[in-house]
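Accompanying notes for the structure given below.
The values are calculated or read from the model by the stated rules, or taken from the named source; none is laboratory data. Nothing here was measured: the structure is a model prediction, and the numbers come from that model. Note that each Cβ is placed from the backbone with ideal geometry, even for glycine, and that neighbours are counted across all protein chains shown.
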Amino acid sequence: MDLTYDAATAGRLAKVPAVTLGFWIIKILATTLGETGGDAVTMSMDLGYLVGTAIFAVIFAIAVAAQMAAKRFHPFLYWTVIIATTTVGTTLADFVDRSLGIGYLGGSSLLAALLVVSLAAWYRTMGTVSIASIDNKVAETFYWVTILFSQTLGTALGDWMADSTGLGYGGGALVFAAGIAIVAAAYLWTSISRTLLFWIAFVLTRPLGATVGDFLDKPIDHGGLALSRYTASIALAAAIAALVFVLPQRAGDHA
């Protein structure tokens with residue numbers, strides 16, 4: 001997977017943020033919000049997975065259309081789309097796993113296949129899947145489709161790890177946190193493709209956020225803290241907004 005790109009050109013044209021420590025902190029919070037927010041609509045409001053997916057799909061469509069139409073990088077707009085992918089990913093994964101009856105492993109396998117197909121089509125079309133190359137509509141379209149699949153896969157993986165393996169939400173979160181730590185170590189001390197490491201980390205942050213979100217709002221007898229989904233979602237949204245405002249947000253510099 002090629003990472004070679006004109007960094008100066010990418011910095012002028014890209015509409016995605018620089019990948020920094022702040023980026024990953026906000027990403028994990030966004031994925032956690034996606035879990036609590038999705039559950040708030042489908043469970044607390046009792047609308048069900050199909051209706052919840054339809055609602056968040058409309059929100060995602062509006063947000064990503066605004067992002068695609070934008071001429072430059074807007075931090076709050078970008079993170080709004082990310083949050084939209086996490087919420088629709090949560091409800092869609094739950095619908096696939098539970099309502100369709102194929103289970104967590106079946107849902108994870110299906111979504112993993114869709115993610116691989118998306119990356120393969122992107123690479124075949126553009127010659128790279130590096131986010132440093134996202135400076136045109138075609139690459140941006142592939143980027144958001146791939147992110148949507150990765151967020152949905154992450155939800156299914158988180159549920160599978162927490163429920164099917166018996167590790168619970170806390171144990172599942174530790175497993176995915178360890179996976180992210182291994183990716184970080186590989187970034188610091190190996191020459192493994194930075195593009196490959198980015199996408200692995202991007203996928204792993206989603207189940208980490210999913211298991212943390214479930215730990216916050218699931219009943220105590222199910223291994224959670226039984227916090228209000230509404231309260232948790234509002235607190236997470238406020239934290240994300242504060243970090244986006246405080247931390248430097250710029251396009252380019254994607255290594």
statement: Of the residues in segment 41-70, those that are surrounded by 13 or more Cβ atoms within 10 Å (Cβ to Cβ) and either touching a residue at least 60 places away in the same chain (Cβ under 8 Å) or at positive phi (or both) come to Met43, Ser44, Gly48, Phe60, Val64, Gln67, Met68
task: Return a yes/no flag: does segment 17-29 have any residue that is in contact with a Lys or Arg (Cβ under 7 Å, 6 or more places away or on another chain), modelled with pLDDT under 90 and buried (at least 16 other Cβ atoms within 10 Å of the Cβ).
output: yes
message: Suppose we filter Gly179, Gly170 for residues that are in a helix (DSSP H, G or I), farther than 18 Å from Ala30 by Cα and either at pLDDT 90 or above or basic (Lys, Arg) (or both); which single one remains?
response: Gly179
- request: Would you mention how many residues in segment 55-74 are at pLDDT below 95 and either of a type in the set (A, V, I, L, M) or within 20 Å of Phe95 (Cβ to Cβ) (or both)?
  value: 3
Residues satisfying the stated conditions in segment 32-57, i.e. over 10 Å from Tyr230 (Cα atoms) and among the polar types (S, T, N, Q): Thr32, Thr42, Thr53
- prompt: From the list Asp159, Asp221, which residue is charged (D, E, K, R), surrounded by fewer than 18 Cβ atoms within 10 Å (Cβ to Cβ) and in a helix (DSSP H, G or I)?
  reply: Asp221
- prompt: Got a number for residues in segment 162-207 being in contact with a Lys or Arg (Cβ under 8 Å, 6 or more places away or on another chain) and buried (at least 17 other Cβ atoms within 10 Å of the Cβ)?
  reply: 3
field: Residues that are exposed (fewer than 13 other Cβ atoms within 10 Å of the Cβ) and within 15 Å of Ile26 (Cα to Cα), drawn from segment 225-240
entry: Ala238
- prompt: Consider Thr128 against the criteria (1) within 27 Å of Val175 (Cβ to Cβ); (2) touching a residue at least 24 places away in the same chain (Cβ under 8 Å); (3) not in a helix (DSSP H, G or I): it satisfies all of them except one. Which criterion is unmet?
  reply: (1)
- prompt: Can you name the condition, by its number, that Leu227 falls short on among (1) in contact (Cβ under 8 Å) with a residue 12 or more places away in the chain; (2) in contact with a Leu (Cβ under 8 Å, 6 or more places away or on another chain)?
  reply: (1)
